[in-house]
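The values are calculated or read from the model by the stated rules, or taken from the named source; none is laboratory data. This structure is a prediction, so every number in the text was calculated from the model and none was measured. Every residue, glycine as well, gets a Cβ built from its backbone with ideal geometry; the counts of neighbours run over all protein chains shown.
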Amino acid sequence: MTRLEIRIRGRWWRLQPGKPKFKKERTERFKMNINILENIPRFYTALAEWCACMMFCLNLERKISNKKFAIYSAIALIVQSIFLMVTGKVVVFLWIPCMLSAIIFMYLFLRLVCQGTGKEIGYFCAYAFLLAELAASFEWQIACFFAGAFKIKNIIPQGIILIAVYGITFFIAHKIQKLVSGDILVKFEITNRELIMVDVIVLTIFTFSNLSFITKKTPFSVSLTADICYVRTLIDLSGVMMLTVYQSRINEMIAEKELSQINVMLKGQYDKYRNYQASFDMINMKYHDLKHQLAGLKMQMSDETRKEWIDTLEQELEEYSPKMQTGNHVLDTLISGKMMNVSSNKIKLTCVAEGKLLDFMHVTDICTIFGNALDNALENVSMIEDEEKRLVHLSVFAKKQFIIIQVRNYCEQELKFKDGYPITTKSDKKNHGFGLKSIRYTVEKYNGTLKFDLQKNWFELKIIIPK
């Protein structure tokens, strides 16, 4: 006759299968089975919470060096493990405050390590906690199954099961997170309302998944031992899936908002170009007509005063003559359209561009790239008090099999970068920064790359596009 061996609190107990003879024996066996499935080792829970935090640390941009990150991560694992193991046998009414303290510790660790606002970190912390609950419950269910079915007693096979289940669970979760948030145009943002919704979801899922362990006297509690573990795992899984779908929807809404803003900006830059083109066509016509008329008047006039007046008028007209001849009509029109802003703010704009290299690009794409880049550079240098430092340089040239576009401007501010973009210094941060994103979006249409750099007070926007 086969026997079932079960490990409880470090000791192995041998149970005789079959129907118990006495009610007391049945009760003891039920309690024994309950303890097997209920008592997830506290170190396993701490390790799951740490792994969940580490997964988000890999997905999010970190604000500390790799060396500090390794030290802080090791300390977090040690502290979390000690805390959960020390509080493993507290009474029920103290168990909830202990779990709340563990969540707060996870939040502090993520906030210390990762870039993001308090609301964003709060969302990822809630997600990480629920994911850790799923991983710990699923692993312990698998471990108990193998312990009962194959009589696994050695700690080495148990460790292999732990590593395998946690590794697979968090690897899949990591891939799903990259899939949901992989678009470069999408920067995850969350409002107070959305954060409250996420917290309510996590609290509800956690309550129902652990309800049967706290009390059997509710309509939603499960009395059968095996069902309690299954229900906990399934409820946690459904909660993680709900949060993933919810996050995907948030990202879709952000993407729709950003694409709408980018489309408005694209249209705005193209409309500017059309207005520049119409205005400069008329100015060029008037310029040539007046230039010829003044030349005729000069030949017939002998009075010096009138001659000086005509000379002055001719110099003023010279300001409206085309200054840049790059070889690309669209680029010439865009630069000429910026010259009024350049003159009024006493900015020195220099340009060395082989405009013919841009002939393969669509008109709207040229307007988007150069219009936004020049607008940002001119706006930045116009705020510099020293007029001698209001410098902007534009260059377009070929290097090997690539077309290089550079827009450089003098910059006195200390810029910070987030998600690959310089952080705007304007107060209304939510409605700014779309110009740079529209540039990146346009550049990637041509399989190009966009980089930003700040060295020795010179900010550089650099675009590399294959020929």
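For this structure, a couple of remarks:
- Pairing each residue of the stretch 238-250 that is in the same structural domain as Val202 (by TED's automatic domain parsing) and part of a helix (DSSP H, G or I) with any residue that is surrounded by 14 or more Cβ atoms within 10 Å (Cβ to Cβ) and among the hydroxyl-bearing types (Ser, Thr, Tyr), provided the two are 6+ apart or on different chains, yields C-beta distances under 8 Å for Gly239/Ser209; Val240/Tyr127; Leu243/Tyr127; Gln247/Tyr123; Gln247/Tyr127; Gln247/Ser181.
- Hey, Ser343 among the hydroxyl-bearing types (Ser, Thr, Tyr), within 32 Å of the chain's Cα centre (by Cα) and surrounded by fewer than 17 Cβ atoms within 10 Å (Cβ to Cβ) or not: no
- Screening Gln177 against (1) more than 23 Å from the chain's Cα centre (by Cα); (2) modelled with pLDDT under 90; (3) surrounded by 15 or more Cβ atoms within 10 Å (Cβ to Cβ) leaves a single unmet condition, (1).
- Residue check for Gly122: at pLDDT 90 or above, within 17 Å of the chain's Cα centre (by Cα), surrounded by 15 or more Cβ atoms within 10 Å (Cβ to Cβ) and assigned by TED's automatic domain parsing to the domain that holds Thr207: yes
- Hey, Lys356 surrounded by fewer than 21 Cβ atoms within 10 Å (Cβ to Cβ), modelled with pLDDT of 85 or more, of a type outside the set (A, V, I, L, M, F, W, C) and assigned to a helix (DSSP H, G or I) or not: yes
- Residue match in the stretch 116-132 (condition: within 24 Å of Ile71 (Cα to Cα) and of a type in the set (Lys, Arg)): no
- Yes/no for Val443 being closer than 20 Å to Ser336 by Cβ and at pLDDT 85 or above: no
- Residue check for Leu454: at pLDDT below 80, within 14 Å of Asn376 (Cβ to Cβ) and in the same structural domain as Glu385 (by TED's automatic domain parsing): no
- Residue that is modelled with the lowest pLDDT, among those in the stretch 36-58 that are surrounded by fewer than 17 Cβ atoms within 10 Å (Cβ to Cβ) and part of a helix (DSSP H, G or I): Glu38
- Selection count where residues are part of a helix (DSSP H, G or I), surrounded by fewer than 19 Cβ atoms within 10 Å (Cβ to Cβ) and not aliphatic (A, V, I, L, M), scope the stretch 75-104: 7
- Selected residue (criterion: farthest from Trp458 (Cα to Cα)) from residues of the stretch 386-408 that are of a type in the set (D, E, K, R) and out of contact with any Asp or Glu (no Cβ under 9 Å at 6 or more places or on another chain): Lys400
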